[in-house]
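The values are calculated or read from the model by the stated rules, or taken from the named source; none is laboratory data. Model, not experiment: these values are computed from the prediction. We place every Cβ from the backbone using ideal geometry, glycine too, and count neighbours over all the protein chains shown.
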Amino acid sequence: MVTDFVTYLSFDGRCEEAFKRYEKVFKGKILMMMRHSDAPPGSGVPQNSETANRIMHARLEVGWRVSSHEQAPAHGSSKPQGFCVSVAVDDPAEAERIFGQLSEGGAIAMPIGETFWAQRFGMVTDEFGTPWMVNCEKPIG
């Protein structure tokens with residue numbers, strides 16, 4: 001039985017920076033950051049001066065959910081496509097705050113505003129290349 005889906009994001013050299021930004025944006029807590037240099041010898045994790053300080057794996061707790069992220073290998077990563085990370089909030093002001101912070105240095109695909117299904121909805125690709133949808137649904141009924 002599937003118990004959860006976790007979005008595993010890759011960053012090309014900016015994982016620590018992205019994680020610290022997301023910690024602030026989502027009022028979360030970084031639970032761990034493991035660098036390439038933390039991996040034991042012979043583990044298959046690249047161990048050289050270029051990769052030693054790169055983040056191999058990290059976890060961010062937001063509310064009761066834990067998100068995993070990873071630094072792209074030294075040879076690079078592919079651009080994300082075919083998905084958006086969806087953030088659901090229950091307060092329009094919080095939706096606007098999150099959207100505004102994700103938009104800093106990013107590209108807005110759809111400005112945040114009211115839609116037929118949401119009090120606030122907007123789409124943005126942040127400065128790290130991650131596409132986001134921020135959604136604050138209208139109450140049902």
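Name the residue that is modelled with the highest pLDDT, counting only residues in region 54-95 that are touching a helix residue (DSSP H, G or I) at 6+ places or on another chain (Cβ under 7 Å) and not in a strand (DSSP E or B).
This residue is Val89.
Being surrounded by fewer than 20 Cβ atoms within 10 Å (Cβ to Cβ) and not assigned by TED's automatic domain parsing to the domain that holds Ala18 is the requirement here; does Gly122 meet it?
no
Name the pairs: first residue in region 81-97 and within 21 Å of Val6 (Cα to Cα), second residue outside any loop (DSSP other than H, G, I, E, B) and of a type in the set (S, T, N, Q), Cβ to Cβ under 6 Å, at least 6 apart or on different chains?
Here the result reads Ala88/Asn135, each pair linking region 81-97 to a residue that is outside any loop (DSSP other than H, G, I, E, B) and of a type in the set (S, T, N, Q).
Can you name the residue in region 99-119 that is within 19 Å of Tyr22 (Cβ to Cβ) and of a type in the set (Val, Ile, Thr) and, of all such residues, is surrounded by the fewest Cβ atoms within 10 Å (Cβ to Cβ)?
Residue satisfying both the conditions and the ranking: Ile108.
State whether the residues of region 107-121 include one that is closer than 21 Å to Gly13 by Cα and either at pLDDT 95 or above or not polar (S, T, N, Q) (or both).
First, the residues of region 107-121 that are closer than 21 Å to Gly13 by Cα: 107.
If we keep only those that are either at pLDDT 95 or above or not polar (S, T, N, Q) (or both) too, we end up with 107.
Yes - at least one qualifying residue is present in region 107-121.
How about region 1-27: which of its residues are under 13 Å from Ala58 (Cα atoms) and surrounded by 15 or more Cβ atoms within 10 Å (Cβ to Cβ)?
If the condition is that a residue be under 13 Å from Ala58 (Cα atoms) and surrounded by 15 or more Cβ atoms within 10 Å (Cβ to Cβ), then Leu9, Ser10, Phe11, Arg14, Cys15, Glu16, Ala18, Phe19, Tyr22, Glu23 are the ones that fit.
Of all residues in region 92-141, how many are of a type in the set (Asp, Glu) and more than 20 Å from the chain's Cα centre (by Cα)?
The qualifying residues number 2.
Restricting attention to region 7-35, and to residues there that are within 11 Å of the chain's Cα centre (by Cα) and part of a loop (DSSP other than H, G, I, E, B), which single residue is nearest to Pro131 (Cα to Cα)?
Per the criteria, the residue is Thr7.
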